[in-house]
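The values are calculated or read from the model by the stated rules, or taken from the named source; none is laboratory data. Because the structure is a prediction, the values reported are computed rather than measured. Methodologically, a virtual Cβ is constructed for each residue, glycine included, from the backbone with ideal geometry; neighbour enumeration extends over all protein chains shown. For accessibility, only protein heavy atoms count, side chains too; no ligands or nucleic acids. Shrake-Rupley method; radii C 1.70, N 1.55, O 1.52, S 1.80 Å.
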Amino acid sequence: LAESPLPLRRVLFIGSCFAGAIQESCRCPSDFVLFNGGVMPPAPRSAAEYDFQIVQIPLRILLHDDDLWHLDYHQTEAFDHELAKATDQLTVFLAQFLQFHESSGLPAFVMNFLVPTQNPNGKLFPFFDVRNIQFFVRQSTMALERLCRQRPFWNVLHVDNIANTYGKRFFTDESINW
């Protein structure tokens, strides 16, 4: 066995400004399509010109800032309903984000969601509970992975694990004092 270079022709990044920041640090030719919901804009080039795509679904299009905070903490059914709603929306948006794969078979690496470092309710609240935003985001990531496993050449890129390796304080804005 020998190691040999495998040059990439071009990579397509699709997602929010977070995906755009990753694309800027890419060391190969790449394009970026900004998409935060709504109608998917066209790719700058045909799918045949790309080797693969990296897709980042913004959590905020599945879960708006006020979707959970106004709910009564003691009504777990309401939190379960919001998780089911987010999972349904994930199915819809994933199809939009991966339309290039559907039309051409372009391999896709779908970034999972960054799990918050702490429960804003406090450390004494239950962890494995849908009312904990950390658990909620983990469940959304599990749904994403289940959806990706249903299709050939859809792979989950575990950016949450990468962020954990380097420290989330460099990737998220939830920590104030470092």
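Below is a table of values for the structure above.
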item	result
Lys, Arg +1 and Asp, Glu -1 on Cβ, resulting dipole of the chain about Cα centre, debye, nearest 20	500
Value of relative contact order over the range 54-178, rounded to a whole percent, pairs C-alpha under 8 Å and six or more apart	28
Which of 142, 111 is most accessible, then next, and so on - probe 1.4 Å	142, 111
Shape parameters for the range 1-121, alpha-carbon atoms, Rg then Dmax in Å	17.6, 60
Apportionment of accessible area to carbon and sulfur, the chain, percent (1.4 Å)	56
Accessible area in the full protein assembly, largest first, 1.4 Å probe, for 64, 158, 70, 101	70, 64, 158, 101
Rg/Rg_ref, the range 61-110, where Rg_ref = 2.2 N^0.38 Å and atoms are Cα	1.54
Segment residue 3-residue 64, extension gain: residue separation times 0.36 nm, minus the distance between their alpha carbons	17.4 nm
Alpha-carbon spread of the range 9-51, three principal axes, descending order, Å	29, 23, 11
Förster-model FRET efficiency, 35 Å R0, residue 127 and residue 150, C-beta, rounded to 0.05	0.75
